[in-house]
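> Below you will find the structure I want to go over with you.
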Protein chains: 2
Amino acid sequence: MDRRIPVDDRTGIRIVPETIRRSDRPADGHPGSRYGNRPTMKDVAARAGVGLKTVSRVVNGEPGVTPETERRVQEAIDALGFRRNDSARVLRKGRTASIGLVLEDLADPFYGPLSRAVEEVARAHGALLINGSSAEDPDREQELALALCARRVDGLVIIPAGDDHRYLEPELKAGVATVFVDRPAGKIDADCVLSDNYGGARDGVAHLIAHGHRRIGFIGDMPRIHTAAERLRGYRAAMEDAGIPVEDSWMSLGVTDPERVRRAAEEMLTGPSPVTAIFAGNNRVTVTVIRVLAEQTRAVALVGFDDIELADLLQPGVTVVAQDAAAIGRNAAERLFRQLDGTLVTPERIELPTRLITRGSGELPPAD
Amino acid sequence: MDRRIPVDDRTGIRIVPETIRRSDRPADGHPGSRYGNRPTMKDVAARAGVGLKTVSRVVNGEPGVTPETERRVQEAIDALGFRRNDSARVLRKGRTASIGLVLEDLADPFYGPLSRAVEEVARAHGALLINGSSAEDPDREQELALALCARRVDGLVIIPAGDDHRYLEPELKAGVATVFVDRPAGKIDADCVLSDNYGGARDGVAHLIAHGHRRIGFIGDMPRIHTAAERLRGYRAAMEDAGIPVEDSWMSLGVTDPERVRRAAEEMLTGPSPVTAIFAGNNRVTVTVIRVLAEQTRAVALVGFDDIELADLLQPGVTVVAQDAAAIGRNAAERLFRQLDGTLVTPERIELPTRLITRGSGELPPAD
DNA sequence: CCCGGATCTGACAACGTTGTCCAGGCTCTA
DNA sequence: TAGAGCCTGGACAACGTTGTCAGATCCGGG
């Protein structure tokens, strides 16, 4: 139909030129500069017939400029399309008004709200947010964090992938505000903001026990990850409190990719001592477990760590131990700026409480 | 129990000091500098007993330095904890090796993968990603974009909130690579990468019609938003193609917050000419509509624009018109770097195809 | 013994901004 | 009308890096 629009048959991608009224570039932007260069304050000053510093004053809204002069300068700015070069400004002033955020994976629904919360606080302090994903790789975390330090971010919010952060010591010493989030810093003292992973997991498992379960499975991440280890500890504590010996076949650690989670879940459901309930160590695990349970004939109870969207619409609704990602991010960012203020000096670890949200799946009775 | 750990009773936040072995700050970091200052190449040069430029050479891996000299310099670098100041470097070199991403809301599950994809491409080109959320506010979008330009990002990926981007003209002229995403640029010519919103919506609605529906509702965002307008246009086209006159009461525009979506949905379900199917204009709308439909006694068909997690686990599974957020982000970022290469000069609009994923809710027959 | 060339090193300017400081012109008062 | 004081504007250095260029050093060969 649309004969005039080229369509790539294989990919279905449609491309149309957008050149309706491409503004032709002027032969030369402004006097004395190479093509593509931007005007500087010097150019503006020349055009307005004033001194360099006067332009600086106008740009920064400093007092001591006649309205008439200001008008002339403003005119020159608009005419040339001048925009202050913040790199130079940073170099001169020493503060960049930007903070860095190193997280694990921006695409993970847990980090979206967290990142947004950090950004919101940064914005309130007039700072921009630079962020990068470590992909759970310690080397990449370090590379990123140091690159951010080279940019001279004022502060750093880090969701650690590694467990040794001594590489940050020179930075801390140099005054880079730093807050660790979700997992504590390794081998250095630093502020950190965590969820109460241990308590949350313990409560979640205790909830299952309270509903009559004794054979409860645990599927979680590698215990070298702090959150995973803490949640496992919570699971064990709850079982021990109830006097239930844990069988090895009930625990699956270091497993997060869907296929392996599926296999792990299936194994603990069909093993010699089959579980009647599963505690899922994080949202990715929970999702896969839901899929597996949906295929089962008998009803298996489930409590997941981390809330998931639409959990309440499933049949049954998914009971979860929820963390407040936004609150964590907000807390961390606020601490960071308090470090920069000087209001905060002693590194602390704060743990935010989790919340058990009962929706049905965690209240199912055991069915053998 | 934990009598030694202070717990705020109201918020449940637990705070413990992290000062186990706080490294005491040295009286003075390095000679001739204020406290808190970082060592510079000059300091390194002095300590290593070499010239400034030699340090620069070592830091940047330039040739022409004796192994012995290099060793001495490297030693001084490690001893002082030197880290190159990229602000100064940027000022000198003109390129920042960073790109900016202005999106609507990082917390929206659609933008997480998109952002991540952009970041991944940036990383492949050795660039960092600075991003900010416009919160759908045109002023904030402009403020952000210009702040990024002041930082002299090499390029800009923008998910527009406003519809007039002439404020970017000086930047484009100055050579800032720019790609608009998800919605086209307003009043300027620029590269843009979009989903085929019109075609996707048309297909989705046609799908409902093919299953026997004639009274089909549409709930979407304000038509001033390009995607919303296009999807509405797709809805109308499908209806017209089928010869079905659309009643005003079937359409609800400019409605995205849960309460109003709920009201809108309820109204079109109970009105004088009640719909038997609903087309939801975006993921937020879809989620709310699912909730409303779950409360209904009769089965109402649903097709949503944008995929949502767990959509396949609901009863019935949710049929959606899916966009590939990651592909969009990847495409946009790649175009951006091609602009920087010089490989790409003419602004184009590319439209990525959408995919109809049938899961059940869109295949329900009409029930009056 | 000296010279040419290759190799290594460092002095210096420049990037664009801001802080400091001083000059010149104005107003106000005695 | 002269002097004090204020207001405005500009010259200059500095921020930490890199590019340019020239000087220093070392080698072998004539």
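The values are calculated or read from the model by the stated rules, or taken from the named source; none is laboratory data. This structure is a prediction, so every number in the text was calculated from the model and none was measured. For neighbour counting, all protein chains shown are included, and Cβ atoms are generated from backbone atoms with ideal geometry for every residue, glycine included.
> Could you tell me whether B:S134 is over 28 Å from A:L168 (Cα atoms), crowded, with 22+ Cβ neighbours inside 10 Å, more than 13 Å from DNA strand C (Cβ to nearest atom) and of a type in the set (S, T, N, Q)?
Values: over 28 Å from A:L168 (Cα atoms): yes; crowded, with 22+ Cβ neighbours inside 10 Å: yes; more than 13 Å from DNA strand C (Cβ to nearest atom): yes; of a type in the set (S, T, N, Q): yes.
Yes.
> Assess whether B:R140 counts as being of a type in the set (D, E, K, R), under 16 Å from A:L129 (Cβ atoms) and touching an Asp or Glu at 6+ places or on another chain (Cβ under 6 Å).
On the way: of a type in the set (D, E, K, R): yes; under 16 Å from A:L129 (Cβ atoms): yes; touching an Asp or Glu at 6+ places or on another chain (Cβ under 6 Å): no.
In short, no.
> Within the group A:A228, A:A201, which residue is closer than 19 Å to A:F110 by Cβ, more than 14 Å from every other protein chain (Cβ to nearest Cβ), surrounded by 21 or more Cβ atoms within 10 Å (Cβ to Cβ) and in contact with a Lys or Arg (Cβ under 7 Å, 6 or more places away or on another chain)? Explain how you work it out, then say what you get.
Numbers: A:A228 fails: in contact with a Lys or Arg (Cβ under 7 Å, 6 or more places away or on another chain).
The match here is A:A201.
> Looking at the stretch A:68-95, which of the residues that are more than 24 Å from B:R95 (Cα to Cα) and touching a residue at least 12 places away in the same chain (Cβ under 8 Å) is nearest to the other protein chains (Cβ to nearest Cβ)?
Ranking the candidates gives A:A79 first.
> Could you check, for the stretch A:276-294, whether at least one of its residues is away from every other protein chain (no Cβ under 14 Å), without any contact (Cβ under 8 Å) to a residue 24 or more places away in the chain and more than 30 Å from the chain's Cα centre (by Cα)?
No - not one qualifying residue is present in the stretch A:276-294.
> Out of A:I278, A:I328, report the one residue that is buried (at least 23 other Cβ atoms within 10 Å of the Cβ) and within 30 Å of A:D189 (Cβ to Cβ). Break it down stepwise before answering.
Numbers: A:I278 fails: within 30 Å of A:D189 (Cβ to Cβ).
It is A:I328.
> Give the residue, chosen from A:L336, A:L356, A:L313, that is within 14 Å of chain B (Cβ to nearest Cβ), at pLDDT 95 or above and over 18 Å from A:D108 (Cβ atoms). Show your work before the answer.
Numbers: A:L336 fails: within 14 Å of chain B (Cβ to nearest Cβ); A:L313 fails: at pLDDT 95 or above.
Checking each option against the conditions leaves just A:L356.
> Determine whether the stretch A:75-95 contains at least one residue that is closer than 23 Å to B:C149 by Cα, polar (S, T, N, Q) and more than 9 Å from DNA strand C (Cβ to nearest atom).
First, the residues of the stretch A:75-95 that are closer than 23 Å to B:C149 by Cα: A:75-95.
This time we only want the ones that are polar (S, T, N, Q), so: A:85, A:87.
Keeping just the survivors that are more than 9 Å from DNA strand C (Cβ to nearest atom) gives none.
No - not one qualifying residue is present in the stretch A:75-95.
> I'd like to verify a number: residues in the stretch A:43-65 that are within 22 Å of B:E169 (Cβ to Cβ), more than 14 Å from every other protein chain (Cβ to nearest Cβ) and either among the hydroxyl-bearing types (S, T, Y) or near DNA strand C (Cβ under 8 Å from one of its atoms) (or both), how many?
The number of residues fulfilling the criteria is 1.
> Mind listing whichever residues of the stretch B:204-221 are crowded, with 24+ Cβ neighbours inside 10 Å and either of a type in the set (A, V, I, L, M) or on the phi > 0 side of the Ramachandran plot (or both)? Even if it seems obvious, please write down each step before you answer.
Pass one, the stretch B:204-221, residues crowded, with 24+ Cβ neighbours inside 10 Å: B:204-205, B:208, B:213, B:216-220.
Matches in the stretch B:204-221: B:V205, B:L208, B:I216, B:I219.
> Against the conditions (1) assigned by TED's automatic domain parsing to the domain that holds B:V287; (2) assigned to a loop (DSSP other than H, G, I, E, B); (3) not basic (K, R), where does B:I188 fall short? Just the number, please.
(1) is the only condition that B:I188 fails.
> May I ask you to verify whether B:V275 is assigned by TED's automatic domain parsing to the domain that holds B:A229, within 15 Å of B:V205 (Cβ to Cβ) and assigned to a helix (DSSP H, G or I)? Talk me through it step by step, then tell me what you get.
Details: assigned by TED's automatic domain parsing to the domain that holds B:A229: yes; within 15 Å of B:V205 (Cβ to Cβ): yes; assigned to a helix (DSSP H, G or I): no.
In short, no.
> Among the residues of the stretch A:96-110, which ones are within 15 Å of DNA strand C (Cβ to nearest atom) and surrounded by 20 or more Cβ atoms within 10 Å (Cβ to Cβ)? Can you show your working first?
At the first step, the residues of the stretch A:96-110 found to be within 15 Å of DNA strand C (Cβ to nearest atom) are A:96-97.
Hit for the stretch A:96-110 is A:T96, nothing else.
> While we're looking at this one, here's another question. I need the helices (runs of 4 or more DSSP H) fully contained in the stretch A:38-145, keeping only those with at least 3 residues that are more than 12 Å from DNA strand D (Cβ to nearest atom). Give the derivation first.
On the way: elements: A:41-48, A:52-59, A:67-80, A:86-93, A:111-124.
Output list reads A:67-80, A:111-124.
> Here's another thing I want to ask about it. Can we say B:G155 is surrounded by fewer than 21 Cβ atoms within 10 Å (Cβ to Cβ) and assigned by TED's automatic domain parsing to the domain that holds B:F110? Show your work before the answer.
Details: surrounded by fewer than 21 Cβ atoms within 10 Å (Cβ to Cβ): no; assigned by TED's automatic domain parsing to the domain that holds B:F110: yes.
For B:G155, the condition - surrounded by fewer than 21 Cβ atoms within 10 Å (Cβ to Cβ) and assigned by TED's automatic domain parsing to the domain that holds B:F110 - is not met.
> Quick one: would you say B:G362 is over 21 Å from the mean Cα position of the chain (by Cα), modelled with pLDDT under 95 and of a type in the set (G, A, S)?
On the way: over 21 Å from the mean Cα position of the chain (by Cα): yes; modelled with pLDDT under 95: no; of a type in the set (G, A, S): yes.
No.
> Taking interchain pairs and intrachain pairs at least six residues apart, which have beta carbon atoms under 6 angstrom, with the first residue in the stretch B:318-335 and part of a loop (DSSP other than H, G, I, E, B) and the second not small (G, A, S)?
So the pair list comes out as B:V318/B:R359; B:Q323/B:T354.
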